[in-house]
1. Report the residue count in the range 355-365 for those that are open to solvent by 20 Å² or more (accessible area, probe 1.4 Å) and in a helix (DSSP H, G or I).
2. Here are E457, E473: which of them is open to solvent by 90 Å² or more (accessible area, probe 1.4 Å) and either in the same structural domain as M437 (by TED's automatic domain parsing) or touching a residue at least 12 places away in the same chain (Cβ under 8 Å) (or both)?
3. R499 fails exactly one of the following numbered conditions: (1) modelled with pLDDT of 80 or more; (2) open to solvent by 100 Å² or more (accessible area, probe 1.4 Å). What is the number of that condition?
4. Kindly provide the set of residues from the range 153-179 that are open to solvent by 80 Å² or more (accessible area, probe 1.4 Å) and either touching a Ser or Thr at 6+ places or on another chain (Cβ under 6 Å) or not acidic (D, E) (or both), ordered by number.
5. For residues that are without any contact (Cβ under 8 Å) to a residue 12 or more places away in the chain and among the aromatic types (F, W, Y), scanning just the range 34-55, find the one that is farthest from F149 (Cα to Cα).
6. Condition check: of a type outside the set (K, R) and either closer than 19 Å to A207 by Cα or touching a helix residue (DSSP H, G or I) at 6+ places or on another chain (Cβ under 7 Å) (or both). Does F396 satisfy that?
7. Looking only at residues in the range 366-396 that are open to solvent by less than 20 Å² (accessible area, probe 1.4 Å) and among the aliphatic types (A, V, I, L, M), which one is farthest from S57 (Cα to Cα)?
8. List pairs: first in the range 278-303 and farther than 19 Å from L345 by Cβ, second open to solvent by 30 Å² or more (accessible area, probe 1.4 Å), Cβ under 6 Å, 6+ apart or cross-chain?
Amino acid sequence: MRELWRQMGSLMATVVFMYTIFERFFPSSFRDRLQAYAQKVANHFNPYIQITFPEFSGERLKKSEAYNAIQIYLSANSSQRAKKLKAEVVKDSQSPLVLSMDDNEEITDEFQGVKVWWSAKKVSSNPQRYNPFSYYDSSDEKRFYKLTFHRSYRDIITMSYIKHVLEEGKEIELTNRQLKLYTNNPSSGGYGYKQSKWSHIVFEHPASFETLAMDQKRKEDILKDLTKFKKGKEYYSKIGKAWKRGYLLYGPPGTGKSTMIAAIAKFMNYDVYDLELTAVKDNTELKKLLIETPSKSITVIEDIDCSLDLTGQRKKKKEEVENEEQKDPMRKNEEESSKSSKVTLSGLLNFIDGIWSACGGERIIIFTTNYVEKLDPALIRRGRMDKHIEMSYCCFDAFKVLAKNYLAVESHLLFGRIGTLLKETEMSPADVAENLMPKSEDEDVETCLENLINALEKNKEENANKKEEEEAEENFEEEKAEEESTQNKEINREKGRRRRTERVGRGESQRRIYSE
């Protein structure tokens, strides 16, 4: 036994010595060619085929959907087979503790009597840069799944099995997933390509179209539009248009624009990406955020008229181009650096429907604003914001929804009076809901409805007084303008008399001179 170990040690030392000589004295081109031939010979005798699925695709710009689907599929099948597992706690899920295969672990799977092997790999392209004390992963690390199977089953694996895995993974994700609300991280302080540009929390907004205070016909119209969009993959492909849709929600404050977004997300089962433009450094950063936004998502820019100065930029450039050229270069650089964001209207337009906007499918973009007239027409034209939805003041249909939500009543003797007042005055759904909400245990349904009636009557009286004041102010301005006009006419007449008198005086003096 000792002799055997001695021979094994000698053989290993010889192999290491020969490999060192090979690496040091033979040129790299020769080594690469020799390794390629050696790989060919090994493949000739190796009956197994390997397929890798990397975590990132497209030069690490976007996380692979195939990798994500495989990860979910294996998580559902690896907990009973793998020996090394990773655990993740998912709040309010059907499976609170999700187990997945750890790195460098391997499990087997079977499909139609064919046995395959899955392994999770993690490699570093530059091991010298590895820092064991760093909290963040090295940007040179690459993760991928490797599928191994016998070459005689190539057609079954490539034609059927991989498709089965991807479909099963997506179905499991839709069954167990939770809606998430994302916000973009500040542009500074990145940690390589793996540092996500989005942070998220679980989206647990209770709003739905059933509880949304809105006219029933308009609500049904929006639901039909969303359903048509969700089933429109082939239609959008046929007409040659990116599979996305834009919605503009506009109206006074408190009319339910944010609630509408939550209801759309819940109905479509899409994650919400709340884009804060002031935290975006420039147009390039905006494109990177778009790349990391997946399909089946809603990108929201709330109060877009207040986010950045995106209105009137064309006019400003025409009027101030000469002043910009005459500015001191140092002062100009200071002004540019002081701006928190350099996102332009052109960059935002390209974000919505430019070439990069087609890098994913089944996306919804929503803008909200209180003052639609302030927005640049190019920003909200059809094709960018395909559907304009006015979120108006509370109508009787909306009131009935709120009464059912807050008081659990569908009819009451006071409903007629409330319906009449809603036609005569304007009140937002938020204000109506606040008056309907019981403030103590002593307040019953009738008390809350009477509170709403009092608020509507007070609002009606205030609006009438305000209207009278505005009319009085307008009349005063008109009378003032008429008075000023009359005074100007008298002044002009007096000036005319003086000119005529002066001309007559000059004529008489000239006649005396001629007569003399």
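The values are calculated or read from the model by the stated rules, or taken from the named source; none is laboratory data. Since the model is a prediction, treat every value here as computed from it, not as a measurement. Glycine also receives a Cβ, built like all others from the backbone with ideal geometry; neighbour counts cover every protein chain displayed. When the accessible area is computed, the model is the full protein with side chains, heavy atoms only, and any ligands, DNA or RNA have been set aside. Shrake-Rupley method; radii C 1.70, N 1.55, O 1.52, S 1.80 Å.
1. So the count comes out to 3.
2. Only one candidate qualifies: E473.
3. (1)
4. Those that are open to solvent by 80 Å² or more (accessible area, probe 1.4 Å) and either touching a Ser or Thr at 6+ places or on another chain (Cβ under 6 Å) or not acidic (D, E) (or both): Y153, R154, M159, K163, K170, L174, T175.
5. In this case the residue turns out to be Y37.
6. The answer is yes for F396.
7. M391
8. I291/L61; I291/K62; E292/K197
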